[in-house]
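This report concerns only the one structure given below.
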Number of protein chains: 4
Amino acid sequence: MSVPPNPHRRSEASRRAILEAALRLCIESGYGQLTIEGIAASAGVSKKTIYRWWPSKGAVVLEALDDLATTVVDYPDTGDLVVDLRTQLTAVIALLSPADRSAVVGLIAEALQNADLAHELRERLIAPRIAQFKERMRRAQLEGQIATDADLDIAVDLLYGPLYHRLVFHLGMPDSRQLGELIEHALRALNTAPRSGETSATMPPAPHARH
Amino acid sequence: MSVPPNPHRRSEASRRAILEAALRLCIESGYGQLTIEGIAASAGVSKKTIYRWWPSKGAVVLEALDDLATTVVDYPDTGDLVVDLRTQLTAVIALLSPADRSAVVGLIAEALQNADLAHELRERLIAPRIAQFKERMRRAQLEGQIATDADLDIAVDLLYGPLYHRLVFHLGMPDSRQLGELIEHALRALNTAPRSGETSATMPPAPHARH
Amino acid sequence: MSVPPNPHRRSEASRRAILEAALRLCIESGYGQLTIEGIAASAGVSKKTIYRWWPSKGAVVLEALDDLATTVVDYPDTGDLVVDLRTQLTAVIALLSPADRSAVVGLIAEALQNADLAHELRERLIAPRIAQFKERMRRAQLEGQIATDADLDIAVDLLYGPLYHRLVFHLGMPDSRQLGELIEHALRALNTAPRSGETSATMPPAPHARH
Amino acid sequence: MSVPPNPHRRSEASRRAILEAALRLCIESGYGQLTIEGIAASAGVSKKTIYRWWPSKGAVVLEALDDLATTVVDYPDTGDLVVDLRTQLTAVIALLSPADRSAVVGLIAEALQNADLAHELRERLIAPRIAQFKERMRRAQLEGQIATDADLDIAVDLLYGPLYHRLVFHLGMPDSRQLGELIEHALRALNTAPRSGETSATMPPAPHARH
DNA sequence: AAGTAAACGAGACGGTACGTCGGGTCTTTTC
DNA sequence: GAAAAGACCCGACGTACCGTCTCGTTTACTT
């Protein structure tokens, strides 16, 4: 239907102004107060220009975050996996706090109701980071820090899942001690997994509990 | 200034009509399309009546879900913990699917941006279910199915966390096999936890060193 | 349909409180800001009680004014017609000023759009005063101050009309000098009218104007 | 704060549709039933567009009437003043009848409670017509039909005043005979006025003393 | 004096319209 | 030909009063 505009003629200045305004307003007043009108006014840009290049305010914020993130370094690798996980999880927690000012949380909220945005969010921001995480875990496997056959998808679930459960229900982000225990539990679960083939559909032996 | 209305005079018929209309519309068109005007029209009720008793459309949906849930039974207890967890987690997954039609997901999205609603959501819907879950787990401890000193808060994190991480980033809900592995890993992590006092800040025993 | 309430059981205290509140609010904030809800709240009375006895807020204000007016004396009669007219017209002007605070002006505004109220207004407030005016004029005729065959309906038009023309278009109420000239012109018109029978459809001789 | 909109960009089509809808609805159902929402719906226009250009529904109707009136001709001048006055007064009466359907009456009612609207009404609709009337009277003075020193402000009072007194109290508009007598009385009052300097503060000459 | 029917205060209710906000589209003008 | 400026239609917002309608609670007339 609508012919996509020619990207060659795009004004880089406008693009930057829009992304910066979006982030600034988001931090100042929270994602919920963010409006296309507000971004346009604050960036000295016409609403049309925003609509020409982005499908929604979520897409603008996503791109703004993506721009920030491209400059971000790789997953930390000090050689000590526990330390690196703790560093990285702490960084994620920082991005999600405080919930009512965090651009990422706003994006998550909108993505929950907007499948297109969710797709973009996953592909551009999340998937690359999950890949980095798995790479780091694979290095840990090579170095014998975790089992070579540990299921890395489950590692993602166990390590990152708790943050989002706590986020969506405002259960409070884990403090340092809780974070340590989470990491410990997750790694132990990965390391004590039965060898492939011997999957027990029911229960692993409870090593200590009986009598 | 604004006096809270007198609950004795409240019309139960209107209350019911509103909650039913809210749920119906939510299922029909998705939480994102839900409006106070739409609920009022569909319930044959004036907007004022909704605003008189609820602070936001999220609060209406929350109460509607709460009403549904009060009739809901306890946490399943067949005696087999793994079976019960699987049953319960499957039920939760059903409540969250499909994401763009689920009232719960809509509520979560709004709660992410609305602290008051988040508070209500946690206290009225989530906390009671977490308590039920912990009770079930405690019974399992008494019956020797899991370690008596297993940390039940971490159990919540490990078992429920993954669902919400997958939900918010549209990573796909776990299928039956994945669910089994998640439960297995979580329980193993809880059962292999070091005895209190012997917390190792660094690493669980290497998997191969187990026997 | 609706049975009219029994006036014997009517609460005089409520009636008074309502009328006083109506007048007070009208003076404080203007007729335009007046609401049934406001009157009820201010009078410490239920809305139902107002609706039981009056059909509209205009009717309330009308009765309030009527109550005031019953205590008012007759048309002035000092023996000097011009003085009395000036006194009376000045009083009317006072009742209509300032336009945005005057209860009478508010009533007039509402009556313009509400035929029932207009009828009540005319019958209860205006007609009696017109009758008093005509009585006074008839006495003046008997005393030879104005022509015995002067048309008193036209006297009403000429003396009171100008006030309302000026009122509705905010042309400014006549000051003392203008008032004197208006009275003079009106009386002269009445006194110089051709005797009955000699009505000239066109023009009276212009006594002075020619050359 | 609120920047006035740029008139150059204004949509003439919307303006016309709004004014026409306003007049149409006013005639169909009366000014009292007129609402901004109704005008917007009937004109196929957004409420915002109305609020952007007019401060109140009265202002819309006023402009609609003004638009009509700009095409209206001058005060009639057949050479016979009495005929012309009768023609003009009859036209005014037509504009004010029936009171509950007349846009002008609705406007008057609102202007009584809204000083801004009253100001606009006077300046844009009434003052020009009063000026035209005075011009016609001045021509009559030049032609010797009325006294050269007749007070034209008082002429306005005597000729137009009665209509509005009768209007606001629903006393009934003058019929043809009454109209003739009013005109006759008014002209006689103007023509018999004492010469400047000989103002009698008290009484006009008694009628019988005339010749 | 007790019984009872009404008018009463309180205020919730279904409505209608208010005036505002932001979304997304469109046109006009400028660079 | 992209961009700024911003008017436009649209739909929902949350509020204010409307006039109606229960609720208990006085109040004042029966009996």
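The values are calculated or read from the model by the stated rules, or taken from the named source; none is laboratory data. Bear in mind that the values here come from a model prediction, so they are computed numbers and not experimental data. Cβ placement follows ideal geometry from the backbone for every residue including glycine, while neighbour counts extend to all protein chains displayed. Remember, those area values only see protein heavy atoms, side chains included, never the ligands or the DNA or RNA. Shrake-Rupley method; radii C 1.70, N 1.55, O 1.52, S 1.80 Å.
With 26 Å as the limit, the listed pairs A:Lys48/B:Lys57; A:Lys47/D:Lys47; B:Lys48/D:Lys48; B:Lys48/C:Lys48; A:Lys57/D:Lys48 have A:Lys48/B:Lys57 beyond it between alpha carbons. Summary for B:Pro76: label point 7 Å along Cα→Cβ; distances to the equivalent points in the other copies, ascending, 4.1, 9.3, 9.6 nm. When the accessible area of segment D:73-193 is computed with all protein chains present and a 1.4 Å probe, what percentage of it is carbon and sulfur? In segment D:73-193, the share of accessible area belonging to carbon and sulfur is 54 percent. At an R0 of 30 angstrom, the distance between the Cβ atoms of A:Ser46 and B:Ala41 translates into a FRET efficiency of 0.25. Other residues whose C-beta falls under 11 angstrom from the C-beta of D:Trp53 contribute a net charge of +3, scoring Lys and Arg +1 and Asp and Glu -1. Count Lys and Arg as plus one, Asp and Glu as minus one, and take only other residues whose Cβ is under 11 Å from that of A:Pro162; the net charge is then -3.
Across segment C:1-123, the relative contact order, built from alpha-carbon pairs under 8 Å that are at least six residues apart, equals 29 percent. Of all residues in chain C, the one whose Cβ lies closest to the rotation axis carrying C onto B, together with that distance in whole Å, is C:Lys48, 4. Across segment C:11-57, the relative contact order, built from alpha-carbon pairs under 8 Å that are at least six residues apart, equals 38 percent.
Once both labels are positioned 7 Å from their Cα atoms along Cα-to-Cβ, the gap between B:Leu68 and D:Glu20 label points is 5.1 nm. Quote the Stokes-Einstein diffusion coefficient, in whole µm² s⁻¹, for the protein assembly as shown, based on the Kirkwood radius over alpha carbon pairs, a temperature of 25 °C and a viscosity of 0.890 mPa s. Result for D is 70 µm²/s. In this structure, A:Ala94 and D:Asp77 have a Cβ-Cβ separation that, at R0 = 51 Å, corresponds to a calculated FRET efficiency of about 0.05. Taking the longest Cα principal axis of chain A as reference, the axis of helix A:127-142 is set at about 30 degrees. Each copy carries D:Ser97; placing its label point 7 Å along the C-beta direction from Cα gives inter-copy distances of 3.4, 7.8, 8.2 nm, listed from smallest up. For chain A, averaging the sequence separation of C-alpha pairs within contact (under 8 Å, six or more residues apart) and dividing by the residue count gives a relative contact order of 18 percent. Label 7 Å along Cα→Cβ of B:Ala115; segment A:71-106 residues with amide nitrogen under 16 Å? Zone members listed by number: A:96-103, A:105-106.
A point 7 Å from Cα along Cα→Cβ stands in for B:Arg52, and the other copies hold the same point at 2.1, 3.8, 5.1 nm, listed in rising order. Taking B:Lys48, B:Lys57, B:Lys134 in turn, the Gaussian network model of chain B (Cα-Cα springs below 10 Å) assigns the largest fluctuation to B:Lys48. Helix content alone sets the calculated 222 nm mean residue ellipticity of chain B: runs of n ≥ 4 DSSP H residues at -39500 (n - 2.57) each, divided across all residues, give -19000 deg cm²/dmol.
Computed with a 1.4 angstrom probe on protein heavy atoms, the A-B interface buries about 5600 square angstrom of accessible area in total. Axis of helix C:57-70 versus longest Cα principal axis of chain C: the two differ by about 60°, to the nearest ten degrees.
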